[in-house]
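See below for the structure under consideration.
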Amino acid sequence: MAADGPVLPQGAGYGVGIGLFFSAFMVCLTAIQTRYTGFSPKNSEEFNSASRSVKPGLIASGIVSAWTWAATLLQSSAVGYEYGISGPWWYGAGATVQILLFAQLAAKLKMNAPHAHTWLEIVSARWGKVAHLVFMFFGLATNIIVSSMLILGGSATVSSLTGMNTLAACFLIPVGVAIYVVVGGMRATLLCDYTHTSVLFAIIFVFVYTVYATSPVIGSFSAMHDLLTKAAEQAPVAGNAHGSYLTMRSKNGLIFGVINVIGNFATVFQDQAYWQRAIASRPATCVKAYLLGGLAWFAIPFMFATTLGLSAVALRGSPNMMVLTPEDVSAGLPASAAAAALLGQSGAAALLIVLFLAVTSATSAELIAVSAVLTYDVYKKYINPKATETQILRVSHAMVALFAIVMGFLGLIFYYIGISMGWLYDFMGVVLGAAVVPIAICVTWRKANKWGCVGGAVVGFCCGIIAWLVTTSTLNGKAINVTTSGGNYEMLAGNLASIGMGGIISCITSLIWPEDFNFDITRAINAPPQSDMSEKTSENRSSEDDMDEKKQDPSNVSTNPVGAVENGAVAAQDLDPVALQKAFKLAAWSSVALTLVMLILIPLPLFFAQTVYGVRGLTAWVVIGMIWAFCSAISVVLYPLYESRAALRMIGRGILKDIFHRGSGKFVRPTANPHVA
């Protein structure tokens, strides 16, 4: 990348920023879905939760896409640039374990509130209005911070690569996404997620292959090792063993890892976007989806940052490499700089596309999530409790459009006050961490104490802010500003105080003054009449389970007729408490074991060993990441196609029928046979 100007023309930024071509593509997919599968986003249950019928492959792909923010690509590369190989590991592992552990909450959601639209409905049913409003603050604050990071990271990189006006980038990105979300709802979001994930992996493989195989400036593991060794000699990394980029012994990398773990617990456990995917999934397979999605996602930041983050270090001083200031690094620009230096305009264009996919996919998840919260937890609960289907759908559409505009203003505000994506990423745990444990035990533990959890969230929030500000003042001669407050120790203190106090207070009060809550109360949320359940169960099960054998039902992963699950009816067989308890135990054991492996058993021995890797060590490190990435691509790109094979055949047959005999391919919902028991 030239240091004195953008690589791509400004028109490229506006073209990607508007994204109307992609919105048109998703609108067409929604039209095909409606015509050939019987699913209609004009139904509020379908719009907000995809009729709760989606199988694990597509849910896993949606989880990967929703968790792939701008920060996933940009911040991971920035910490790789700053700390060496430890940065990508701590970013990937520190944000994977939350998805794995969330599998437990997904299982408990299906056990204890299978018909809920939002996690806040569970809080309201269990603890009442005060708790509902308190935790709604944390939920919406999560959406605001995540959305701001998306817009900040996306607009900064687009502006850097193309010279596009930042103000325009802040608004065009969310508005373009809002178009297809309004038209297609939750299922369009999941289809968008799948499309984005597929292209994302393809471009990651292009960068990996270029850097470690074909690039004339790097092109091999030994060349990368030599360049990183030379870079460490010229500018040793503070806190790393021997100042090297090729070691897991990184003090600042470890501190970032702790901050990363805490902050991402908050953004997963409190973000309706992840609950939304649990709600949309089939009960019997939701745990599988979250475990699969979490493991698949790890490969994205790990390999992307190990490739472009380290390349930015290796190419430092190269004539094609821009000079990166600390502000550039905080804005997440090492990845774009390395991409342009390696492949010129092609690299910049590829980075621009992959960033657009990450930002728009996560943005669509945030839009539909906020829409659900504002519709069900504000409008229906406090404004119009007797809202009709049409009114709910109309409000859902309006909330998507409203929050798209709000996202643009949020990005603009943070940009002009000097808050970068990297600063906001480290800060999110300070504000949000206090509510993590209270929310988790609300859904999973009948003894959780209402006032202990509410008080823990509020006190933890206050303690986090106080600890952050006091540490900033103490370490920086009483100077508190954006620069001084963004240091590792300052953010670490705030993050630890927030999640620690929130967890301690909520758990201790629940042990001393335990409640004895009956989860039948939350199971009754939005539950349909039993007679409706039995009728819809028969229809739903026959349409799903017999498809592959009989090849006559139109549904598979996500194409059951919308009436089969209307009003949130979930098949009774899928809600078998014994099966769900087994799923929860699987989630508990597997997620805890994987968390121990990723956060303790692998990184800590390497940290204390103080090993600086040679060429063979670096080769093994990268090759293992490549294998993981290929397995991830198979699980979230090819597997969803396999489990959707019957639905795809049905759509193909419908299209062919329409081509040769117009109107004959349209889906017609089968009528029930009154003579069949």
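Consider residue 193 carefully, then state whether it is surrounded by fewer than 18 Cβ atoms within 10 Å (Cβ to Cβ) and part of a helix (DSSP H, G or I). Here the answer is no, as residue 193 does not meet what is asked. Contact map, the range 508-529: first residue without any contact (Cβ under 8 Å) to a residue 12 or more places away in the chain, second residue charged (D, E, K, R) and not in a loop (DSSP other than H, G, I, E, B), Cβ cut-off under 8 Å, separation 6 or more or different chains; the map is empty. Looking at 555, 542, 590, 632, just one residue is modelled with pLDDT of 95 or more, surrounded by 15 or more Cβ atoms within 10 Å (Cβ to Cβ) and of a type in the set (Ser, Thr, Tyr), and that residue is 632.
If you check 106, 131 for being part of a helix (DSSP H, G or I), touching a Phe, Trp or Tyr at 6+ places or on another chain (Cβ under 6 Å), touching a residue at least 24 places away in the same chain (Cβ under 8 Å) and not β-branched (Val, Ile, Thr), only one passes: 106.
Within the range 303-329, the set of residues being under 23 Å from residue 243 (Cα atoms), surrounded by fewer than 24 Cβ atoms within 10 Å (Cβ to Cβ) and not aliphatic (A, V, I, L, M) comprises 316, 317, 318, 325, 326, 327, 328. Taking residues in the range 211-239 that are among the hydroxyl-bearing types (Ser, Thr, Tyr), and partners anywhere that are surrounded by fewer than 17 Cβ atoms within 10 Å (Cβ to Cβ), the pairs with Cβ atoms closer than 8 Å and at least 6 places apart or on different chains are 212/219; 212/220; 220/213; 222/615. Selection of helices (runs of 4 or more DSSP H) fully inside the range 431-493 by the criterion of at least 3 residues being buried (at least 16 other Cβ atoms within 10 Å of the Cβ), in contact with a Pro (Cβ under 7 Å, 6 or more places away or on another chain) and of a type outside the set (Ser, Thr, Tyr) returns 450-475.
Residue count for the range 599-615, restricted to those that are more than 16 Å from residue 95 (Cβ to Cβ) and buried (at least 16 other Cβ atoms within 10 Å of the Cβ): 6. Of all the listed residues (358, 335, 339), the sole one being closer than 29 Å to residue 106 by Cβ and either under 26 Å from the mean Cα position of the chain (by Cα) or outside any helix (DSSP H, G or I) (or both) is 358. Given (1) under 22 Å from residue 88 (Cα atoms); (2) in contact with a Pro (Cβ under 9 Å, 6 or more places away or on another chain), identify the lone condition not met by residue 360. Going through the list (1) under 22 Å from residue 88 (Cα atoms); (2) in contact with a Pro (Cβ under 9 Å, 6 or more places away or on another chain), residue 360 breaks only (1).
Take residue 351 and decide whether it is within 23 Å of residue 179 (Cβ to Cβ) and either touching a helix residue (DSSP H, G or I) at 6+ places or on another chain (Cβ under 7 Å) or not β-branched (Val, Ile, Thr) (or both). Answer is no for this residue. Residue under question is residue 656, and the condition is that it be part of a helix (DSSP H, G or I) and either at pLDDT below 90 or surrounded by 14 or more Cβ atoms within 10 Å (Cβ to Cβ) (or both); does it hold? Spelling it out, residue 656 is indeed part of a helix (DSSP H, G or I) and either at pLDDT below 90 or surrounded by 14 or more Cβ atoms within 10 Å (Cβ to Cβ) (or both).
Checking each residue in the range 111-128 for being assigned to a helix (DSSP H, G or I) and over 18 Å from residue 140 (Cα atoms) picks out 111, 112, 125, 126, 127. The condition of being at pLDDT 95 or above and crowded, with 24+ Cβ neighbours inside 10 Å holds for only one of 85, 59, that being 85. One residue alone among 596, 648 is part of a helix (DSSP H, G or I), of a type outside the set (Lys, Arg) and either at pLDDT below 90 or farther than 19 Å from residue 91 by Cα (or both), and that residue is 648. The residues of the range 145-166 that are touching a helix residue (DSSP H, G or I) at 6+ places or on another chain (Cβ under 6 Å) and over 18 Å from residue 75 (Cα atoms), listed by number, are 162, 163, 164, 166.
The values are calculated or read from the model by the stated rules, or taken from the named source; none is laboratory data. Nothing here was measured: the structure is a model prediction, and the numbers come from that model. Neighbour counts run over all protein chains shown; Cβ positions are idealised from the backbone, glycine included.
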